[in-house]
Amino acid sequence: MATYTPKNILITGAAGFIASHVANRLVRNYPDYKIVVLDKLDYCSNLKNLLPSQSSRNFKFVKGDIGSADLVNYLLITESIDTIMHFAAQTHVDNSFGNSFEFTKNNIYGTHVLLEACKVTGQIRRFIHVSTDEVYGRQMRMLL
């Protein structure tokens, strides 16, 4: 079995709390990897979380929405992305009860767009999805 080493990683939701820590660590510890981060800078993200990486040569920030198939396909192709680490999601359970359609659009449809882009471009070797109970649903919360 051939070993796989990522070279060009797209991190979605990268200005969020957890994803920003992952992005900053990858940028710092793997200078030969290109880290492209995508975030729409919604209420649950903060660009300041990425300050440690902003001056690094292997870091690129893109403001945008994973729900835009054109943007996602463009990034995968132009940045030669081979790995996606998908963290983007709206959070906070109470918000999901009051605006469930918006959560579905961002959390479910956005993931669908990413997966479809993987299929269309055919170049993604790894897709890692990290998320919250707002994505996995109420039944998952009850099981935990």
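The values are calculated or read from the model by the stated rules, or taken from the named source; none is laboratory data. Please read all numbers here as calculations on a predicted model, not as lab measurements. Note: ideal-geometry Cβ built from the backbone for every residue, glycine included; neighbour counts use all protein chains shown.
Numerical summary
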item: Test: residue in region 32-50 that is farther than 17 Å from Leu115 by Cβ, in a loop (DSSP other than H, G, I, E, B), modelled with pLDDT of 95 or more and over 12 Å from the mean Cα position of the chain (by Cα); result: yes
item: Subset of region 69-93 (residues that are modelled with pLDDT under 95, among the β-branched types (Val, Ile, Thr) and out of contact with any Ser or Thr (no Cβ under 7 Å at 6 or more places or on another chain)); result: Val93
item: Any pair with Cβ under 8 angstrom, 6 or more apart, that starts in region 1-18 at a residue that is surrounded by 14 or more Cβ atoms within 10 Å (Cβ to Cβ) and outside any loop (DSSP other than H, G, I, E, B) and ends at one that is hydroxyl-bearing (Ser, Thr, Tyr) and modelled with pLDDT of 90 or more; result: Asn8/Tyr33; Asn8/Ser80; Asn8/Thr83; Ile9/Tyr33; Ile9/Thr83; Leu10/Thr83
item: Residue count for region 106-133, restricted to those that are in a helix (DSSP H, G or I) and over 20 Å from His21 (Cβ atoms); result: 16
item: Subset of region 51-77 that is among the basic types (Lys, Arg) and closer than 27 Å to Glu116 by Cβ - its residue that is surrounded by the most Cβ atoms within 10 Å (Cβ to Cβ); result: Lys60
